[in-house]
1. Got a sec to turn the phi values of region B:170-186 into Karplus ³J(HN,Hα) couplings, 6.51 cos²θ - 1.76 cosθ + 1.60 with θ = phi - 60°, whole Hz, x for Gly and Pro?
2. Can you work out ³J(HN,Hα) from phi for every residue in region A:164-170, in order, using Karplus 6.51 cos²θ - 1.76 cosθ + 1.60 and θ = phi - 60°, giving whole Hz and x for Gly and Pro?
3. Taking the protein assembly as shown as the region of interest, what is the percent of Cα-Cα pairs per 10 angstrom bin, listed from the shortest bin to the one with the maximum distance?
4. Would you mind checking which residues have amide H under 5 Å from A:CYS259's amide H? H placed 1.01 Å from N; only 5 or more apart, or other chain.
5. Along its principal axes, what span do the Cα atoms of region B:343-471 show, with the longest given first and each in whole Å?
6. Rounded to the nearest 0.05, what FRET efficiency do B:TRP28 and B:MET256 have when you use their Cβ-Cβ distance and R0 = 22 Å?
7. Tell me the label-point distance for the pair A:GLU344, B:THR522, using the 7 Å Cα-to-Cβ offset, in nm and rounded to one decimal.
8. Largest first and in whole Å, give the semi-axes of chain B's equivalent ellipsoid, each being the square root of 5 times a Cα gyration tensor eigenvalue.
Amino acid sequence: MKVKRWLAGALALLLVAAGCGDDDDGGDGDGVTLRLVTHDSFAVSDEVLEAFTAESGIAVEIVASGDAGAALNLSILNRENPLGDVFFGVDNTFLTRALDADLFVRHRSPAIDDVDPRFVLDDEHRVTPIDHGEVCVNFDRSTYPDGPPATFEDLADPTERGRLVVQNPATSSPGLAFLLGTIAHFGEDGWQDWWRALVANDVLVATGWEEAYYQHFSGGSGEGDRPLVVSYATSPPAEVIFAEPQPDDAPTGVLVDTCVEQIEFAGILQGTEHEDEARQLIDFMLSPVFQADMPMQMFVLPVVEGIDLPEEFVAHAAVVPEPLRLDPADIDVNRDRWIDEWTEIVLG
Amino acid sequence: MDRDRPRLSGSGLLATVPLAFVGLFFVWPVATVIAEGLTGAGVLEVLGDRRLQRVAWFTLWQAAVSTVLTIAVALPGAWALARFRFRGRAVVWALITVPFVLPTVVVASAFVAVLGPRGPLGGPLGGLLPGVGAILAAHVYFNVAVVARTVANALGQVDPQLEEAARSLGASRWTAFREVSLPLVRPALVAAASIVFLFTFTSFGVVLLLGGPRRATIDVEIWRQVAYFLDLRTAAALAVVQLVAVVACLVVAGRMQARVVPRRARDAARRPVGAERAVLAAILGPTLAFLVTPLAVVAYRSVDVGGGLGLTFYRALGTSRRGSSLFVPPEAAIRNSVTYAAIATAIALLVGGITAGLAAYRDRRTSRLLDLLVMVPLGTSAVTLGLGFLLALDEPPLDLRTWWGLVPIAHALIAAPFVVRIVVPALRSIDPRLREAAAVLGASPVRVRLAVDVPLASRAVLVAAGFAFAISLGEFGATLFLARPDNPTMPIAIFRFLGQPGPLNLGQAMAMSTLLMLVTATVIAGIERFRAGSVGAF
């Protein structure tokens, strides 16, 4: 009977699946397997990770759950019974939340001495800075042959009416970073007026980065009709690297004066049974080989000084000498209120 | 008449399968989330918050409107496909089903390509985007398959001579359909409508990507509260509100589901003659144009390499440009997706099949309760479920948080309601005299089931299997929480491409989406062929 054959087929598939699902657990032999809990943008190249395993005998399994905000919050909710041994991907926006939750074990990596001190935000070394990047307004070069607007103030000028796309800070991490940048620039009492002017200038609010960049932005791989979008300082090199054939010049550029800093940290999760190995993994993340691997993998920049960047970054990434920044403790206290105020002004 | 329904000995024991499954993988995790966060004050705060009231109202409103619109769009096509047999019917079926599995990110991007500022319809219809219009259009787009397949399956079993008799008495084609066939398929229609309602009630990606920043559903709000505000209190209160609303809707839908008149169970489709061909074309033409245009846009863009057509993006799928440890060749993503889908289908058929069997023969109260139990997961936010898995299944021996099996299990939770909703009407419509005849001839109750019910319901089971498979192939929300990065499914791989700028990333997302469409269409067309082949057997 046909039904029977069908069932037999389903059963066979089930067995095959059970077989292939199990083969990668446990690592090889007596080596420890560390679980690295992170967000879904984490990436590292095979050879770099293999080099770590070959050198230390420690295998690394990557566990990702959602975007940066979700991954951190899930780890906080799972604090009593952590999902893994090391967490990567707390950014400065949510740093205080992670520290207040007492999520991490202290670890002062010897390599921290090679890190630019402006990235070391926790004197107690519960978290270690690993990478940084900037959230900035990107522009479509084809719209601005004579040069783009430069400052936040320029963006509110009537000549830029209907040209800017931003993300909702309540649903998007670059959106939140950009809002914080405007607060850092205009001050606690000035940012609201600028956003009101932006609303009058027909700013478009997208829910997330994907929508803003791919649907509304006109530059590079964007398919919309607005020439200004909130994205990253490393987006122009991505437009070159992920093109075939690669263009000589990036089709997009960055408004350096609008850049706000994002630093990502890693920490050893409380409750790990492999604290020594976890320390080694954090140290490895500050090693030159890992630091040099990050730009092409995650489109972020090294925090360790003197690391050579890939040529595409040298050629096309914006150099941001002094990005805007806010104190993480200030952010933590005010974040929800700022988002509410912003929502009232821009979406109200 | 319950006398007609011989009780199956040991059915209590069988009931433990769905009870244990839903209990362990739904009730417990969700109860854990609610228990962690819920306070009486939290619920009152949510109920009293004006913004959250608006969110709840919008959620309800858009789900109701989406459901009505979906039925309006799907019904003519369902009728045409049930009544007529024609060349390429299997292909049409596959095309109708493919949208159902496409990841939201891809459909959103295809909608934008068509309706956006640079799209061919950007002028006349560009105002839809973003906003309520785009949300409703996308919901109809995704769910036409649910209504079309469920209703066509039921219509196919209504004797067309009934309609013809009405027409010979002077009724128009529409009146004959409305007065004769529609009441007979009402249970299937209500079943499909309640599924569409739940799907759109818990809409997440569509609202995020196409709704604009002012529109949020309860699902979006739960995600925001968990992912951005770490406010488990509000999230748990919202989850309770969602749960209550879903149960209430299901109870109402259950009351609307009338008893089913036994019908003859055979494929009633025939070749169209004369003017019927024009009717067929007039119905299927616009429906297919609506459904296929975004698919065609995606496929076209997967080969549009700028200044010409080529396979650059497909080749790029297979090369690890950056040597990333998370690089996944397309065949591995396809294998993951198909494997997960096969397991999810097997679980859904087991759990849903047993539930359907019990629900169809037990008294109304038991059957409603069972149905409710299996349906509720469909109306629960993927975030709540994913969070529940992580919070509840965290102690040995059940530390399953990073176990790959949670992915197909979550998919099966979403797919099982389809199995129940498709199989129950089929079982109920079996003429009880067939069972009586078998019993008179000396068959044991179990034998009666195996000899009468199983073969007669097997077609419905196949439809259900196709759905379960498709649901698993396209599922995104829960998978994002649960899939291990080294074992992504096709929708997750697509999502990853869209996380970085660059034409190659967009192109690869389109290429992977096209592969997903092909895999789905192949599976559905295969099932159609098998289904058509088995018709003659009974």
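The numbers here are math on the coordinates, done by the rules we state, and not lab data. From a predicted model like this one, the values you see are computed outputs, not experimental measurements. Backbone-built Cβ (ideal geometry, glycine too); neighbour counts: all protein chains shown.
1. Working through the residues one at a time gives x, 6, 6, 4, 5, 4, 4, 5, 5, 8, 9, 6, 4, x, 6, 9, 4 Hz.
2. Residue by residue, region A:164-170 yields 9, 10, 10, 9, 5, x, 7 Hz.
3. 2, 12, 22, 25, 19, 11, 6, 2, 0, 0
4. A:LEU324
5. 53, 28, 26
6. 0.10
7. Roughly 5.7 nm, to one decimal.
8. Semi-axes (√(5λ), whole Å): 36, 30, 23.
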